[in-house]
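Student: I am attaching a structure below and will ask some questions about it afterwards.
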Amino acid sequence: MSRHEYVGALEAMLARPHDPAGLADYLASNSRLPGPRGNLELAAAFADAMGSCAVQSAWHHVLVVWVAIPADAAPANDPREFLPFCALFALGATFPAADASTRSEIAALLRTTAGDPRWRMREAVAMGMQRIGEADRLALRTLIESWLGDATLLEQRAIVAALAHPPILGDRPTVLLSLDMSRSFVSGICSLTPEMRRTQEFRVLSKGLEYAVSVFVAAAPVEGFALLREFASIDDRDVRRIVRSNLGKSRLSRPHPTQVAEIFRLIGG
């Protein structure tokens with residue numbers, strides 16, 4: 001089924017808020033899990049349908065309950081994992097129309113789940129934040145800024161992944177926040193001990209920075225390449241790996257070959 005067709009089927013189910021079990025069965029049975037790629041079309045359609053649902057508030061509690069399904073009850077790559085995955089994505093879609101209390105609850109759920117051991121759950125956090133940003137850039141920036149003072153490595157990765165989304169980077173304050181956040185996170189790497197750099201949390205953040213910075217630079221090349229020059233001056237093996245990886249992305253190397261070559265020279269090729 002196409003995303004549009006899924007939306008039609010889901011809207012009919014969402015008109016019956018008394019039947020969450022039926023909706024859960026539908027999502028799980030169409031999840032394509034176990035497998036290498038879950039049904040992202042269905043997850044996006046669920047967020048679409050929930051975002052425009054006339055009885056949105058009636059489903060909020062169900063979404064919160066699904067997010068709380070623990071890893072032992074919905075392990076990675078199990079069809080049941082698709083329920084909290086979809087719920088997080090959908091909560092991002094419902095955020096713009098929610099009242100202040102509900103927004104606070106959603107923000108707290110996103111932040112808590114950013115540290116989930118399941119990679120799909122962490123992806124769902126970023127995708128939910130992107131939905132917020134697509135509808136309300138200021139709301140996303142405010143949410144992110146509330147995390148920045150004491151964000152864990154996995155929370156930092158969620159911020160990086162959420163912002164590396166071209167549809168929200170046409171907004172100059174958002175792209176400038178993305179560059180400032182990159183500066184902060186890369187600078188933070190320099191203070192990490194060797195033991196911390198061997199953790200899975202650090203590897204996840206590093207992988208995110210290895211592609212996301214190029215997305216931000218592509219959206220604001222003048223400020224972005226200035227930032228990469230700053231990074232190139234840092235004598236740190238992990239920072240230089242992040243710089244090299246971003247310079248190798250075609251979104252930078254094709255339109256900006258001269259700047260890319262210059263920074264490659266600064267870091268020794």
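The values are calculated or read from the model by the stated rules, or taken from the named source; none is laboratory data. Worth saying up front: this structure is predicted, and the values here are computed from it rather than measured. Every residue, glycine as well, gets a Cβ built from its backbone with ideal geometry; the counts of neighbours run over all protein chains shown.
A quick yes/no check of all residues on (1) out of contact with any Gly (no Cβ under 8 Å at 6 or more places or on another chain); (2) closer than 21 Å to residue 49 by Cβ; (3) surrounded by 18 or more Cβ atoms within 10 Å (Cβ to Cβ); (4) outside the structural domain of residue 48 (by TED's automatic domain parsing):
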{"site": "64", "(1), (2), (3), (4)": "yes, yes, no, no"}
{"site": "80", "(1), (2), (3), (4)": "yes, yes, no, no"}
{"site": "83", "(1), (2), (3), (4)": "yes, yes, yes, no"}
{"site": "87", "(1), (2), (3), (4)": "yes, yes, yes, no"}
{"site": "101", "(1), (2), (3), (4)": "yes, no, no, no"}
{"site": "104", "(1), (2), (3), (4)": "yes, no, no, no"}
{"site": "108", "(1), (2), (3), (4)": "yes, no, no, no"}
{"site": "116", "(1), (2), (3), (4)": "yes, no, yes, no"}
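Student: In addition: Looking at (1) outside any helix (DSSP H, G or I); (2) out of contact with any Pro (no Cβ under 6 Å at 6 or more places or on another chain), which is the one condition that is false for residue 77?
Tutor: Condition (2) is where residue 77 drops out.
Student: Regarding residue 187, is this residue closer than 29 Å to residue 112 by Cβ, polar (S, T, N, Q) and surrounded by fewer than 15 Cβ atoms within 10 Å (Cβ to Cβ)?
Tutor: When the stated conditions are applied, residue 187 passes them.
Student: Taking only the range 231-260 into account, find how many residues are surrounded by 13 or more Cβ atoms within 10 Å (Cβ to Cβ) and in a helix (DSSP H, G or I).
Tutor: Of the residues in the range 231-260, 17 are surrounded by 13 or more Cβ atoms within 10 Å (Cβ to Cβ) and in a helix (DSSP H, G or I).
Student: Can I ask one more? Inside the range 98-110, can you point out the residues that are within 23 Å of residue 171 (Cα to Cα) and either aliphatic (A, V, I, L, M) or at pLDDT below 95 (or both)?
Tutor: 98, 107, 110
Student: What are the residues in the range 1-12 that are crowded, with 17+ Cβ neighbours inside 10 Å and of a type in the set (A, V, I, L, M, F, W, C), if any?
Tutor: Result: 7, 10.
Student: Restricted to the range 188-206, and to residues that are free of Cβ contacts under 8 Å to residues at least 12 places away in the same chain and of a type in the set (Ser, Thr, Tyr), which residue is farthest from residue 231 (Cα to Cα)?
Tutor: For the range 188-206, the residue satisfying everything is 193.
Student: Of the conditions (1) charged (D, E, K, R); (2) crowded, with 17+ Cβ neighbours inside 10 Å; (3) without any contact (Cβ under 8 Å) to a residue 60 or more places away in the chain, residue 72 fails just one. Which one is it?
Tutor: (2)
Student: Next question, about the same structure. Within 22 Å of residue 262 (Cβ to Cβ) and assigned to a helix (DSSP H, G or I), is that true of residue 204?
Tutor: no
Student: So which of 203, 251, 244 ends up being out of contact with any Phe, Trp or Tyr (no Cβ under 6 Å at 6 or more places or on another chain), more than 21 Å from residue 162 (Cα to Cα), assigned by TED's automatic domain parsing to the domain that holds residue 171 and not aliphatic (A, V, I, L, M)?
Tutor: Just one listed residue meets the conditions, 244.
Student: Can I ask one more? Quick check on the range 86-96. Is at least one of its residues modelled with pLDDT under 95 and either more than 16 Å from the chain's Cα centre (by Cα) or acidic (Asp, Glu) (or both)?
Tutor: Scanning the range 86-96, I find at least one residue that is modelled with pLDDT under 95 and either more than 16 Å from the chain's Cα centre (by Cα) or acidic (Asp, Glu) (or both), so the answer is yes.
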